[in-house]
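Have a look at the structure below, then the notes.
The values are calculated or read from the model by the stated rules, or taken from the named source; none is laboratory data. Values in this document were obtained by computation on a predicted structure and should not be read as measured data. Neighbour counts are summed over all protein chains in view; Cβ atoms, including those assigned to glycine, are modelled from backbone coordinates with ideal geometry. Note: areas computed on protein heavy atoms with side chains; ligands, DNA, RNA excluded. Shrake-Rupley method; radii C 1.70, N 1.55, O 1.52, S 1.80 Å.
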Amino acid sequence: MPFFTVILVQVNPGEAFTIRREDGQFQCITGPAQVPMMSPNGSVPPIYVPPGYVSQIIEENGVRRVLVLPQQPEFHPGGHSPLHHPPPPPHAHLPAFIPHPAMMPPPPHLYTGMAGGDMSSQYISQYHPAHIYSEQGESEPAVYCYVKLLPRYLICTLSQSTPGSHCYVSDIQARGAVASWVAPARPESENVSVEDGRGPPEPLSYEVSISPTGKDGKYTTVYCGEELSATLEDLRPATDYHVRLAMSSCLQGSPSEAVSFTTSCSEPDLPNAPRKASGTKNTLVLQWKAPCDNGSKIQNYILEWDEGKGTGIYEECYYGPQKQYRVTKLSPASRYSFRLAAKNDMGLSEFSEVVDLFTSCSVPLPPFPPELEMTGVTWLCMKWQRPTSSPKEDDINYVLEMEEEGSVCLSGPPNVDGGSVVSCYSIEVSGPQSEESREVHQGPELDCSVGGLMPGKTYSFRLKAANKAGFGPLSERCEVTTAPGAPEQCKAPSTTCKSPSCVVVSWEAPPCNGAPVTEFRLEWGAAEGSMQVCYSGPGLSHEIKWLLPATNYFCRIQAGNLAGLGPFSEAVLCQTPCSVPAAVNEDDGSRTPPLYSPSSCLGLSWEPPCDHGSEITSYLIDLGERQPVAVGPVTKHIIQNLQPDTSYRSAIRIQALNSLGAGPFSHTFKLKTKPLPPQPPRLECTAFSHQTLRLKWGDGPAKAAASDALQYQLQMGDKSGRFLSLYKGPCHTHKVQRLNESTSYTFRIQAFNEAGEGPFSTVYTFTTPRSPPVPVKVPKVERLDDNSCEVTWEALPPMKGDPILYTLQCMMGNSEFKQAYKGSATSFHVQNLQPNSDYRFRVCAIRQCQDAPELSGPYSPTVTLSPQRSDVAVGAGASASGSRAGVESNRSRRSMTDEQCAFLLLMVFAVIAILIAFVIQYFVIK
């Protein structure tokens, strides 16, 4: 019995131990691991290692360990001295390292091992060692154990700084994309070398996996191979995907950092066929559900029909955004074919399956009883009239039925009359499955008609004759089967709700009356008087789909055979169960005004969806990466803490909830926050007076249109500190009037636009100046003598305690005005006048301010002192009053002269106007 020795081969982290099994397959054991090997003779087999590595054999507790480590000087692992070094290969032609296991010849037997702990559980079936012959011809057993050091870039994650470490996605389409990558560079130790006998490196294998549920979601492998690109197919449009790459050789590498991409939008999916919501004999109301929009909101639907011609040629009958349409002006009891397509910004979807819908027909009134027109031996001719009050446009078909009263029994006289003439016959009949007989006829006739029989049943008849002696014996039975009839009335059907939108109707076959039932007709409708045939066939059940939850429906069943259709069963009420709410639709603003929202908020409003029988309790607003917001049973909400002037096109959607659960999400809301409100402009005073202030702000025209986006609000403070609005509009200037003199006023301004009202500016203070005195009335002048006169004027009251001074100016002839007096008096005695000279006088008031310079008012109108003429001076001996009268008379003459000039100008203009009118009348009009 051979003696076996267990040898442990230690594989370090990042390395691999490759062996060849007995079946010829290679087994790669990755580190860290301890591989137990078995030696049949107790010797340590030589371990051949790659250049730059050495094998160390240590012994612990009677167990030998073979360590393959990078070559380092004076290396003693674990504090143990090496016990044995593998000798060099005995022959120069025998390489010390075999680069790939496929190049080595398969030995008869080989030892294998497994990494792990328990030795007994890892025992591998033994292998007999091959023989390697030394130069002396001796043979020694050897175990071919190969330690392959894998390249570092294969066991590192691809997110490190190795070349080609990321996957790149290009050619992104709606349902596909191309992922590509660059092969990483191999280290020099992996390159092919003829001198050291190493073969080509193993090819790298790449594995591409993709996740549609987020970066940390579940990944699905879509490609595995050695190519440097892969086509990603069967993707969903407008969907975020994450793709990552992993490489492997003998070891599986860690995946790279996930790369995200979003597929393009596309045309909508194939919609479902429209369904009939209701209808009459001349109209059909069609409804449909929106298909998946594939990232682009559905703008319109195209509904086509064949116009009831049945030629397969379809014409457009509706184009619009609604999800239902009423088709009018149809023919009663007619079939129409419809198909539907959806359209968004990316294009038009394929048309749905064709659905055939029928209009209802009005039930005609009962016709008058038919009349017998002619008869023949084997035929009858009947006629009847059209029912009264039937619409002329209705095509009425007629069904003429003939009821057979029963079977006709023919008989002849008996062969033996018993010596007396037969005077009477009696016929007895027994029903199906019954031995009891009843007499149905008695009389001398040789035939009779038996009525009241059931259709499709077999009856037995017996006949007996009577003469003067009485009735004779009964004849043998004659069995006759009546003609089949229509089936009897079906029992009420039963309904089972599979879901809020699907009901299964089942029924039982009624008695067939002699002919098997070949057809059942199921009528279904939302009202008991407007049910339509929804199924016709031999089945005993039918599934009805596309129903509305929490809705009452009625149904009844009818059976038919070769003899005709039986009566309808009783109508059954079916109420579909409640369901989760329908999808929420965005409010288009026609019902409710848009919500005001500042720049950091978004106002949402939506239409309440159909609750499907259970009251809506709340809404859930999905904000994408943000925490969802739950609100009560409202139809508007303001989302806060958003970025101004930012578009949110694919992150906001709403779903309704009731007691049964959450309904489907709505389409994504395409919203954008407003920009920040404008900052206030700088306010300045451009003109002022003692009663007005002209204020100006911003850059722009003084007058602007009311439709300008940017507008302003100017406010002025009052004595209590409140600010009152003075102006609100787009202009850039404003004049503040009716102010008090020498008073300080406070102002502030604010700008606003569609984004909202901006902040108020700082408070500006502007002060009105003191008002100057009012003009003095025309002074009066009185000549005292030839060389002097006295000028007087009216006094002005003090202005807020400031005294009033006066300045009198005098001008002789055409010279300049010179100051003749300044003071507080209201008269002045002018002397040293020159005779024969004109003098003009004027007065202005001066406000003598206490803490400011003097303010001069405007001058009064001038008054003239003319020289005295000689005739007046000699003859008149005029007094002072006469002189004053002369001054007034002079002014009056000069005033009259001005009036005369004005009148003259007016007359000239009148004459010119008359001439122009005459010229136009004569030359132009005529």
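For segment 435-593, what is the accessible area per residue in Å², given a 1.4 Å probe and the full set of protein chains?
55 Å²
With every protein chain kept in place and ligands, DNA and RNA left out, what is the accessible area per residue of segment 274-314? Probe 1.4 Å, answer in Å².
On a per-residue basis, segment 274-314 sits at 43 Å².
Counting only protein heavy atoms and using a 1.4 Å probe, what share of the accessible area of segment 210-285 belongs to carbon plus sulfur, as a whole percent?
45 percent
At R0 = 41 Å, how high is the FRET efficiency between D851 and K672 if r is their beta carbon distance? Nearest 0.05 is fine.
Computed FRET efficiency for D851 and K672: 0.10.
Going by amide H atoms built from the backbone, whose H comes under 5 Å of the H on C490, apart from near neighbours?
Those lying under 5 Å, H to H, from C490 are A559, S569.
Provide Rg over Rh for segment 254-368; use the alpha carbon set for both Rg and the Kirkwood Rh (inverse mean inverse pair distance).
We get a ratio of 1.22 for segment 254-368.
For a paramagnetic label modelled at 7 Å from the Cα of E350 toward its Cβ, which residues of segment 265-300 fall within the zone defined by backbone nitrogen distances under 15 Å?
Once the point is set 7 Å along Cα→Cβ of E350, 267-273, 292 turn out to lie under 15 Å by backbone N, inside segment 265-300.
From the C-alpha coordinates alone, can you work out the Kirkwood hydrodynamic radius of segment 619-752, in Å? Before the final figure, lay out the partial values.
Numbers: mean 1/r = 0.0522 Å⁻¹.
By the Kirkwood definition, the hydrodynamic radius is 19.2 Å.
Tell me the net charge near V572. Cut-off is 14 Å between Cβ atoms, V572 excluded, with +1 for each Lys or Arg and -1 for each Asp or Glu. Numbers along the way, then the final one.
On the way: positive: K491, R556; negative: E508, E523, E528, E570.
Local net charge: -2.
Please find the FRET efficiency linking E607 to E754, where r is the Cβ-Cβ separation and R0 is fixed at 35 Å, and quote it to the nearest 0.05.
Calculated value: 0.90.
Quick one: length gained pulling C534 to Q900 fully straight, 0.36 nm per residue minus the C-alpha distance? Let's see the in-between values first.
Numbers: separation 366, 0.36 × 366 = 131.76 nm, distance 10.65 nm.
Value of the extension gain: 121.1 nm.
Can you list the equivalent-ellipsoid semi-axes of segment 723-856, largest first and in whole Å, using the square root of 5 times each Cα gyration tensor eigenvalue?
50, 16, 11
State, to one decimal in nm, how far the label point of Y764 lies from the label point of L573, with both points 7 Å from Cα in the Cβ direction.
Once both label points are built, they end up 7.7 nm from each other.
Relative to the present Cα-Cα distance, how much length would full extension add between E307 and L270 at 0.36 nm per residue of separation?
Taking 0.36 nm per residue and subtracting the Cα distance, the gain is 11.1 nm.
What's the extension gain from E790 to T481 if we count 0.36 nm per residue and subtract their Cα-Cα distance? Provide the component values of the computation, followed by the final result.
Numbers: separation 309, 0.36 × 309 = 111.24 nm, distance 15.61 nm.
Length gained between E790 and T481: 95.6 nm.
With each pseudo-label sitting 7 Å past Cα toward Cβ, what's the M907-F688 distance in nm, one decimal?
The two pseudo-label positions are separated by 5.4 nm.
Accessible area, 1.4 Å probe, largest first: how do W305, W507 sort?
Sorted descending by solvent-accessible area, the residues read W305, W507.
Could you look at segment 298-378 and say what percent of its accessible area is carbon and sulfur, using a 1.4 Å probe and all protein chains?
51 percent
Report in % the part of the accessible area of segment 490-551 that belongs to carbon and sulfur, leaving out ligands and nucleic acids; probe 1.4 Å.
Looking at segment 490-551 in its full context, I get 55 percent from C and S.
Taking 2.2 N^0.38 Å as the expected size of a compact globular protein, what ratio does the Cα radius of gyration of segment 688-784 give against it, to two decimals?
Working it through for segment 688-784, the quotient is 1.53.
With r defined as the distance between the Cβ atoms of E615 and T239 and R0 fixed at 35 Å, what FRET efficiency is calculated, to the nearest 0.05? Spell out each step's value before the answer.
On the way: r = 34 Å, r/R0 = 0.98.
Efficiency for this residue pair is about 0.55.
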